[in-house]
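**Student:** Below is the structure I would like to discuss, written out as structure tokens.
Nothing in this text is a laboratory measurement; each read-out follows from the coordinates by a stated rule. Note that the structure is a prediction, hence the values are computed from the model and not measured. Here the Cβ is made from the backbone with ideal geometry for all residues, glycine too, and neighbour counts use every protein chain on show.
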Amino acid sequence: MSNKIKHHLTDDLLMAYAAGSLPEAFDLMVATHLSLCDDCRARAESFDAVGGHVLEEQGDVVAMNEKSLAETMALIAKGAPIAKPKRAQCSVLPTPLQDYVGGDVNDIRWRPIGMGVKQAILPTSGDAMARLLFIPAGTAVPDHSHKGMELTMVLQGAFSDEVDHFARGDVEIADQDLHHTPTADITEDCICLAVTDAPLKFNKLMPRLFQPFLRI
Amino acid sequence: MFTEIDTATLDEPVAIRPAQKPWRAKKRIRGKPVNGAGDSCDARAEWVDHVRRIRDAQDQAAFAELFQHFAPRIKAFLIKSGSDPALAEECAQEVMATLWHKAHLFDPARATVATWVFTIARNKRIDVLRKQRRPEPEDLGWGPEAEPEQDDVIALQQETAQLRDALSALPEAQRQLIEKAYFGDLSHREIASQTGLPLGTIKSRIRLALDRLRHAMN
Ligand SMILES: [Zn+2]
């Protein structure tokens, strides 16, 4: 299923995901990519194994309270927490994203940001931001660069920029040195998940007018 | 029904085990012998059976043994991650309760019990200490029809033992940085310099397990 993905997550992102030190928006990006990419999932789970090693081999342990086991059994007897309802497979949104959208692709609450491009900001806590982008077939997103890191993953359709061509599951990792103008393929509207850990800055005067709408 | 259990259970003999366990018959084939830690490989493999006994028979004796081993480690892990002792105690209990409730989700062809416990404890830390949601990848639910082969379980144990050897052989400074990373003390940018870890073989093993799971799902 994931053979066609060309652009993957980096080891440092996967290790930080395993260690639990990413902002929520980046966790969402990683979980979404892992849903589509078994190569990265295997790498992420091998970083989990390092965590298992750290847990097992940490020098000193801390004794539990005297009644701890009995208390835990009482906790267990209360029953399992109610599992969240299982999401159905969706051809565009992997389940972690469905949780944030509150449904499937038809439930995304798009806001127009100009030139037919739409976005939906997803509710995440922390310093980073996650949003879904809708780019009409054949449309270019304004040239912009980044103060921090921006990850963009294709969910539907494909886009090209100065770097390469990106299709479903591919992640483009852009740091502050990259100025790019992603253009959606002509064949299909493109939907992406984008996360940033710092505001974007646009390079031309006009697109800067969009910034209040972009909330960036 | 469980409220009568108390800590005395910890000292009681464990339920009778089958005389021979197929996955213990094979010892580590390729793993290097490690400084006197030869027993711990078996001990780890044994936890797999403990989780199965909880899953299949709600075996409280098996749980008590797992608790005795893992709960103090989870508590220490959470304290090192910045929790105060009272909260760490409470969270360690919740992590162990989650282990009980989710025993049917544990896949021993992809993770050791220690790794699985780590992921539950890590998620608890994100939830309680960082007050953040933790998005998880799409579930690769596996039913009884996809229950892993013993050979795959053994192979994963062996790869994990080799990973342990490799990590133990790293320079002290690097080992400390890895610990810091997993206690949540390094930002993702600081982690970037720590990623040259010897994970190739265990990664391939987990990848095979994922392939089999995908195959069983289709
Ligand atoms: Zn990947």
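**Student:** Determine the shape class of region B:41-217: with a ≥ b ≥ c the square roots of the Cα gyration tensor eigenvalues, call it rounded for a/c under 1.5, and otherwise prolate if a/b is greater than b/c, oblate otherwise. Don't skip to the answer; put the middle values down first.
**Tutor:** Details: a/c = 1.55, a/b = 1.14, b/c = 1.36.
Oblate is the answer for region B:41-217, as a/c is 1.5 or above yet b/c matches or exceeds a/b.
**Student:** Assuming 0.36 nm per residue, please report the length gained on full extension of the stretch residue B:211 to residue B:123 beyond their Cα-Cα distance.
**Tutor:** Numbers: separation 88, 0.36 × 88 = 31.68 nm, distance 2.55 nm.
Result for the pair: 29.1 nm of gain on full extension.
**Student:** How high is the FRET efficiency from residue B:147 to residue B:105, r the C-beta distance, R0 22 Å, rounded to 0.05? Don't skip to the answer; put the middle values down first.
**Tutor:** Working: r = 12 Å, r/R0 = 0.56.
It comes out at approximately 0.95.
**Student:** From the cross-link list B:75/B:102; A:4/B:180; A:67/B:180; A:86/B:75; A:84/B:80; B:80/B:203, which pairs have alpha carbons spaced over 26 Å apart?
**Tutor:** Working: B:75/B:102 20 Å; A:4/B:180 36 Å; A:67/B:180 31 Å; A:86/B:75 31 Å; A:84/B:80 31 Å; B:80/B:203 28 Å.
Checking Cα-Cα distances, A:4/B:180; A:67/B:180; A:86/B:75; A:84/B:80; B:80/B:203 exceed 26 Å.
**Student:** In whole Hz, with x marking every Gly and Pro, tabulate ³J(HN,Hα) for region B:208-218 from phi via Karplus 6.51 cos²θ - 1.76 cosθ + 1.60, θ = phi - 60°.
**Tutor:** With coefficients 6.51, -1.76 and 1.60, one gets 4, 4, 5, 4, 5, 5, 4, 4, 5, 6, 8 Hz.
**Student:** FRET efficiency for residue B:57 and residue B:84, Cβ-Cβ distance as r, R0 = 41 Å, nearest 0.05?
**Tutor:** Efficiency, from the Cβ-Cβ distance: 0.65.
**Student:** Amide H neighbours of residue B:58 under 5 Å, at least 5 residues apart or on other chains, H built in the peptide plane: list them.
**Tutor:** When sequence neighbours closer than 5 places are left aside, there are no close amide H contacts.
**Student:** What are the ³J(HN,Hα) couplings of region A:102-118, residue after residue, when phi is run through the Karplus curve with 6.51, -1.76, 1.60 and θ = phi - 60°? Round to Hz, x for glycine and proline.
**Tutor:** So the J values, rounded to whole Hz, are x, x, 9, 4, 6, 9, 5, 9, 6, 10, x, 10, x, 6, x, 6, 10.
**Student:** Averaged over its residues, how many other protein chain Cβ atoms are within 10 Å of peptide B:75-81's Cβ atoms? Mind dumping the intermediate values first?
**Tutor:** Values: counts 6, 7, 6, 1, 2, 5, 1.
Shielding by partners across B:75-81 averages 4.
**Student:** Taking 60 Å as R0, compute the FRET efficiency from the Cβ-Cβ separation of residue A:137 and residue B:187 and round it to 0.05. Intermediate results must be reported in sequence, preceding the final value.
**Tutor:** Working: r = 39 Å, r/R0 = 0.64.
That pair, residue A:137 with residue B:187, gives E of 0.95.
**Student:** Here's another thing I want to ask about it. Quick test of your reading: applying the under-4.7 Å Cβ rule, which cysteines of chain A are isolated?
**Tutor:** Lacking a cysteine Cβ partner under 4.7 Å: A:90, A:190, A:192.
**Student:** If exposed means no more than 15 neighbouring beta carbons inside 10 Å and the site is in a DSSP loop, what's the longest run of chain A without any exposed GluC sites (Glu not before Pro)? Provide the component values of the computation, followed by the final result.
**Tutor:** Details: sites that count: A:66, A:162, A:188.
The segment A:67-161 is the longest one with no such site.
**Student:** Amide H to amide H, which residues 5 or more places from residue A:180 or on other chains are under 5 Å from it, using H placed in the peptide plane?
**Tutor:** Hits under the 5 Å cutoff: A:144.
**Student:** Could you work out, residue by residue across B:109-121, how many beta carbons of other chains sit within 10 Å of that residue's beta carbon, and then give the average as an integer?
**Tutor:** Working: counts 0, 6, 5, 5, 2, 8, 12, 2, 4, 11, 8, 0, 4.
If you average over the peptide's residues, the count of other-chain Cβ atoms is 5.
**Student:** Within chain A, which is the longest segment containing none of the trypsin sites (Lys or Arg not before Pro) that sit in a DSSP loop and have at most 12 other Cβ atoms within 10 Å? Kindly include the intermediate steps, with their values, before the conclusion.
**Tutor:** On the way: sites that count: A:4, A:6, A:67, A:78, A:86, A:109, A:204, A:215.
In chain A, the maximal stretch lacking such sites is A:110-203.
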